[in-house]
1. Could you check the stretch 154-178 and list, in sequence order, the residues that are open to solvent by 70 Å² or more (accessible area, probe 1.4 Å) and among the small types (Gly, Ala, Ser)?
2. Starting from the stretch 115-144, keep only residues that are without any contact (Cβ under 8 Å) to a residue 40 or more places away in the chain, then list their pairs with residues that are open to solvent by 60 Å² or more (accessible area, probe 1.4 Å) and of a type in the set (Ser, Thr, Tyr) whose Cβ atoms are within a distance under 7 Å, requiring at least 6 positions of separation or different chains.
3. Give the stretch 179-208 a look and list any residue that's on the phi < 0 side of the Ramachandran plot, free of Cβ contacts under 8 Å to residues at least 24 places away in the same chain and either among the basic types (Lys, Arg) or exposed (fewer than 14 other Cβ atoms within 10 Å of the Cβ) (or both), or say none.
4. Looking at residue 151, is it on the phi < 0 side of the Ramachandran plot and open to solvent by less than 60 Å² (accessible area, probe 1.4 Å)?
5. For the stretch 15-24, which positions are assigned to a loop (DSSP other than H, G, I, E, B) and either open to solvent by less than 90 Å² (accessible area, probe 1.4 Å) or of a type in the set (Gly, Ala, Ser) (or both)?
6. Quick one: would you say residue 189 is under 59 Å from the mean Cα position of the chain (by Cα) and modelled with pLDDT of 95 or more?
7. Do the conditions hold for residue 111, that is, is it at pLDDT 95 or above and among the basic types (Lys, Arg)?
8. So which of 146, 65, 137 ends up being small (Gly, Ala, Ser), open to solvent by less than 70 Å² (accessible area, probe 1.4 Å), at pLDDT below 95 and under 20 Å from residue 178 (Cβ atoms)?
Amino acid sequence: MTMPPAGWYPSPEDPATKKYWDGSQWLDIPAPDVQPAKNRKRLSKRSILILSIVGAIVVLGTAGGLVWKGIADQKEEERLALIEERAQEREAERAEAAEKAAEEEAAAQEKVDDALRAMRQDSVTDIEESVKAMAEGHVADGVLTGPILSVSCSPIGGGSTDDLDQSTTVFKCFAANVDNGDGTMNGYTYNSTMNWETGEYTYGLGAP
């Protein structure tokens, strides 16, 4: 397409006014005073058509650029919003996984603690059997009067075998040799000390 030469032409927006065409684009400058009719040159219909088309293309191109920029900005906002949404979802998933892991760990630890308490109770039974065997030996040696009916051992000082923070527990053991028939018994006092870390204990006759 051949462009008209530079000059003043009827404006594409309003043919009743003039606008300057520099050969490639419209310039927004004031129109000159109207010249006498003898100096005016009439544009051909073809030139006017070309200029109108060029003006329309310029206007459409500018509008199209603005529309495209608006679409690009909107897509960028949508992309950033999606990134933020996915980041929040991942953070929620990590928090949920951490909470679940903590609950599973707590449940596993509780099972371990229950097993340790059961082992301690079994150890108390072992201590009572050892003390009874010692007491029966003392009866056989004539040190004590028998028979030994039963032996029970309890932590002193309000201690408890359920307290897993205690590494050592001292027991007071009672070796009964007389049943009074009224729910009470007479007997002898023994003692025992258990080291829960090593699983070893000592015991003997007398109060702890």
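1. 157, 158
2. Cβ pairs passing all conditions: 139/145.
3. 180, 182, 184, 186, 189, 198, 200, 202
4. So residue 151 fits the description; yes.
5. Taking the stretch 15-24 first, the residues assigned to a loop (DSSP other than H, G, I, E, B) are 15-17, 22-24.
If the condition is that a residue be assigned to a loop (DSSP other than H, G, I, E, B) and either open to solvent by less than 90 Å² (accessible area, probe 1.4 Å) or of a type in the set (Gly, Ala, Ser) (or both), then 16, 17, 22, 23, 24 are the ones that fit.
6. Working: under 59 Å from the mean Cα position of the chain (by Cα): yes; modelled with pLDDT of 95 or more: yes.
The answer is yes for residue 189.
7. no
8. None of the others qualify; the one that does is 146.
The values are calculated or read from the model by the stated rules, or taken from the named source; none is laboratory data. Remember, it's a predicted structure, so these values are computed and weren't measured experimentally. Ideal geometry is used to build each Cβ from the backbone, glycine not excepted, and the neighbour counts take in all protein chains shown. All accessible areas refer to the heavy atoms of the entire protein, side chains included, with ligands and DNA or RNA removed. Shrake-Rupley method; radii C 1.70, N 1.55, O 1.52, S 1.80 Å.
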